[in-house]
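Nothing in this text is a laboratory measurement; each read-out follows from the coordinates by a stated rule. On a predicted model such as this, the values are computed, not experimentally measured, just so you know. Reconstructed Cβ throughout: ideal geometry from the backbone, glycine too, with neighbour counts over all protein chains shown.
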Amino acid sequence: MLELDLTGLSCPEPVVKTKRALKENPQGVVSIVDNRAALENVSRFGRAMGYKVNAVEKDGAWRIEITK
Amino acid sequence: MKSSLEKPKGLSKDKILLIVTGCIVGIAAVLLTIFGNPGNMGFCIACFIRDISGAVKLHNAGVVQYVRPEIIGLVLGAFVISLVKGEFKPRGGSSPMLRFMIAFCVMVGALVFLGCPLRMVLRLAAGDLNALVALVGFACGIAIGCWFLNNGFSLGKAYPQSALEGAALPAINVGLLILAVFGTSLLAYSEKGPGSMHAPIVLALACGLVVGIMAQRSRMCFAGGIRDIILLKDWTLTLGFVAVFVSALVFNLIAGKFKLGFTGQPVAHAQHFWNFIGMVVVGLGSVMLGGCPLRQLILAGEGNSDSGVAVLGFAVGAAFAHNFGLASSAASADSLGGPGINGKVAVFICLAFLLVVAGVKTFAKKEN
């Protein structure tokens, strides 16, 4: 699955880049973010698009799996 | 550690938090005007940073000089709660100079309109229809910013910084607070005009702290609300925007502070085109910065030194706006108010600058 390193990007770039990636990879993507606002935005967007969202925290970053 | 972000049933926690935050902001804002702040200026990030710039003598506009405790409270509230919640994350290095200059432009645009996005909502909630014109401009600016974002606009990544770097802007605010309490003789304070009108320092600081804490927890952002509708069809952040409007509107009606119309509004002018274009600059610049002026203060409190640099850009922009006659004057019995020729030229230069930066950072990434 496509993995996006979105750490260090300011709002709303993580969610915009996730949206673009999902358009090209509708089966799902993994977004890695390093702040809670991005975690909430990307997760909310994934859910709103009808995907399953599963986020796991590791070393101050979140690996968000967005899958069908 | 697994995140607990399951699909919410009914109104989710983040939406409730935004509504509660919006209500607190709206009520606190009207309360602050009742206790002495200028009309429809319970909170105005642009005006208050401008007043602080004047108090520390970066500009000499005698009617707008005062250390606004609300700003100090906002930054320190966000700082303390982010420490408590483990969200104090010093970050920086994402085009700091460009952010400084974008923030400078945002401040010029805001002072042409005479208010930041938060004051725009507060003015609207008090019946000032000039703010409706400004809202259209603000939304247009955000829409332009969204077009660049959709095409890949980015100011680049931020990287971890030292705790000292992250705590620098909160420390400046502690220094300002000490000056405001013990060192007023060193500062310039207005004896008349908006700068001379203020709520008691304890109340202003308390309101700032509470709103700073709530805004950090809820991620409230006035540019983000409209931006997310355009980009993602997500209305979540707009709830905060609407809650501020509704709570301030209700409180204004109860307190007899609601007056519908374009004219006779406090610290405002009815030059529609300039209200519109000023807020186009604010909307576009806010999207480029990743949030409205309030959000920049909160992010700076969380240790984001890029946002700290943006706050300094606001302060210097405000100083230039008054030193070079870029800021609008409010309408009065003798004058229609609005920007002078310097302000009119400056707002277009700012808009052109933002468009060039946005274009370069969207379409010339290989060179960046």
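General observations
- Using alpha-carbon coordinates, inclination of helix A:13-24 to the longest axis of chain A, degrees: 20
- Computed helical MRE - 222 nm, chain B, DSSP H runs ≥ 4 contributing -39500 (n - 2.57), nearest 500: -21000 deg cm²/dmol
- Rounded Å value of the spacing that divides the Cα centres of the range B:204-260 and the range B:74-127: 14
- Residues whose placed amide H lies under 5 Å from that of residue B:304, excluding near-sequence neighbours: B:91
- Rounded to the nearest whole Hz, the Karplus-based 3J(HN,Hα) values (6.51 cos²θ - 1.76 cosθ + 1.60, θ = phi - 60°) of the range B:216-230 follow the sequence 5, 5, 8, 6, 4, 8, 6, 6, x, x, 5, 4, 5, 5, 5, with x at glycine and proline.
- Per-residue HN-Hα couplings for the range B:196-208 [Karplus 6.51, -1.76, 1.60; θ = phi - 60°; Hz; x = Gly/Pro]: 7, 9, 7, 6, x, 4, 5, 5, 4, 5, 4, 4, x
- Distance between the C-alpha centres of the range B:25-62 and the range B:264-313: 14 Å, rounded to the whole angstrom.
- Difference of contour (0.36 nm per residue) and Cα-Cα distance, residue A:58 to residue A:27: 8.7 nm
- The calculated FRET efficiency for residue A:49 paired with residue A:5, based on their beta-carbon distance and R0 = 25 Å, is about 0.75.
- Our coupling estimate for the range B:170-179, obtained by passing each phi through the Karplus curve with A = 6.51, B = -1.76, C = 1.60 and θ = phi - 60°, is x, 5, 4, 5, 5, x, 4, 5, 4, 4 Hz, Gly and Pro reported as x.
- Cα-only radius of gyration and Dmax that characterise the range A:2-67, units Å: 10.2, 29
- Sequence of B:85, B:257 once ranked by neighbouring C-beta atoms within 10 Å, starting from the fewest: B:85, B:257
- Residues B:302, B:70, A:40, arranged from fewest to most other Cβ atoms within 10 angstrom of their Cβ, appear as A:40, B:302, B:70.
- Across B:233/B:344; B:233/B:259; B:15/B:57; A:17/B:89, pairs whose alpha-carbon gap is larger than 31 Å: B:233/B:344; B:233/B:259; B:15/B:57
- Placing dummy labels 7 Å off each Cα toward the beta-carbon, the span from residue B:136 to residue B:83 is 4.7 nm.
- Candidate aspartates and glutamates for bridging to residue A:58, where Cα separation is under 13 Å - those fewer than 8 sequence places away on the same chain excluded: A:34
- Residue order, fewest to most beta carbons within 10 Å, for A:1, B:120: A:1, B:120
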